[in-house]
Amino acid sequence: MVSQRIPMTVAGEAALKAELKDLKSVQRPRVIAAIAEAREHGDLKENAEYHAAREQQSFIEGRISELESKLNNAQVIDIANMQNTGKVIFGATVTLLNVDTETETVYQIVGEDEADIKQNKISVSSPLARALIGKQEGDEAMVKTPGGTADYEIIAVEYR
């Protein structure tokens, strides 16, 4: 099985590395200590603290595995070092005008793990990002939404 490269920004990679470090150096030792303490209480069959700690350990180990896999397969794209051609690419920050409502919004196109609509970061695999990728400043993009089709004009493309 060939693993697929996972695109992410420099900030996205840093966030995953920070989470991995916390899991390995803080969370894992804490849960191991909790398991050891729970074992000292005797009968493990009816020991709720032991079972809760083991469940948490399982979650932490699974998350560590997942993060290591994502980081090993990461294709980190540092858009700040690229020449801005006005073309929408992964990592670009795009200012859009909704043609129907005359409202402007700004989105950065990021990897799936980085997407956060509250911070105006949309996943590269979202319908809006897919409609924008490859277009230029001044182009229009039609996006199918649950409420119908939205028409956006690309006002600006920044590489930051």
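The values are calculated or read from the model by the stated rules, or taken from the named source; none is laboratory data. The shown structure was predicted, so the numbers you read here are calculated from the model rather than taken from an experiment. Here Cβ is always computed from backbone atoms with ideal geometry, including for glycine, and neighbour counts include all displayed protein chains.
For region 118-137, a residue qualifies if it is of a type outside the set (K, R) and either without any contact (Cβ under 8 Å) to a residue 40 or more places away in the chain or outside the structural domain of T93 (by TED's automatic domain parsing) (or both), and the qualifying residues are Q119, N120, I122, S123, S125, S126, P127, L128, A129, A131. A Cβ distance below 6 Å, combined with a sequence gap of six or more or placement on separate chains, defines the contacts here; from region 1-25, residues that are over 16 Å from D78 (Cα atoms) and not assigned by TED's automatic domain parsing to the domain that holds Q57 reach no residue that is at pLDDT 95 or above and small (G, A, S). Mind checking whether some residue in region 107-119 is more than 18 Å from the chain's Cα centre (by Cα) and surrounded by 15 or more Cβ atoms within 10 Å (Cβ to Cβ)? No, there is no match, as no residue in region 107-119 is more than 18 Å from the chain's Cα centre (by Cα) and surrounded by 15 or more Cβ atoms within 10 Å (Cβ to Cβ). In region 112-157, of all residues being hydrophobic (A, V, I, L, M, F, W, C) and assigned to a helix (DSSP H, G or I), the one that is farthest from T85 (Cα to Cα) corresponds to I117. Every test in (1) surrounded by fewer than 13 Cβ atoms within 10 Å (Cβ to Cβ); (2) touching an Asp or Glu at 6+ places or on another chain (Cβ under 9 Å) is passed by S25 save one, and that test is (2). Check whether at least one residue in region 44-61 is hydrophobic (A, V, I, L, M, F, W, C), assigned to a strand (DSSP E or B), touching a helix residue (DSSP H, G or I) at 6+ places or on another chain (Cβ under 9 Å) and within 29 Å of A14 (Cβ to Cβ), and report yes or no. No, that holds for no residue. Applying the criterion of being out of contact with any Asp or Glu (no Cβ under 6 Å at 6 or more places or on another chain) and small (G, A, S) to the residues of region 34-62, the residue that is surrounded by the most Cβ atoms within 10 Å (Cβ to Cβ) is A53.
Assess whether D100 counts as being farther than 28 Å from Q4 by Cβ and surrounded by 13 or more Cβ atoms within 10 Å (Cβ to Cβ). So D100 does not fit the description; no. Among the residues making up region 63-73, a single one is acidic (D, E) and either touching a Leu at 6+ places or on another chain (Cβ under 8 Å) or loosely packed, with under 13 Cβ neighbours inside 10 Å (or both): E68.
If we keep just the residues of region 76-102 that are among the polar types (S, T, N, Q) and modelled with pLDDT of 95 or more, which is farthest from E140 (Cα to Cα)? Spell out the reasoning first.
Initially, region 76-102 is screened for residues among the polar types (S, T, N, Q), giving 81, 83-85, 93, 95, 98, 101.
Next cut, modelled with pLDDT of 95 or more only: 93, 95.
On the way: T93: 16, T95: 12 Å.
My answer is T93.
Being in a helix (DSSP H, G or I), of a type outside the set (G, A, S) and either assigned by TED's automatic domain parsing to the domain that holds G111 or exposed (fewer than 14 other Cβ atoms within 10 Å of the Cβ) (or both) is not true of V31.
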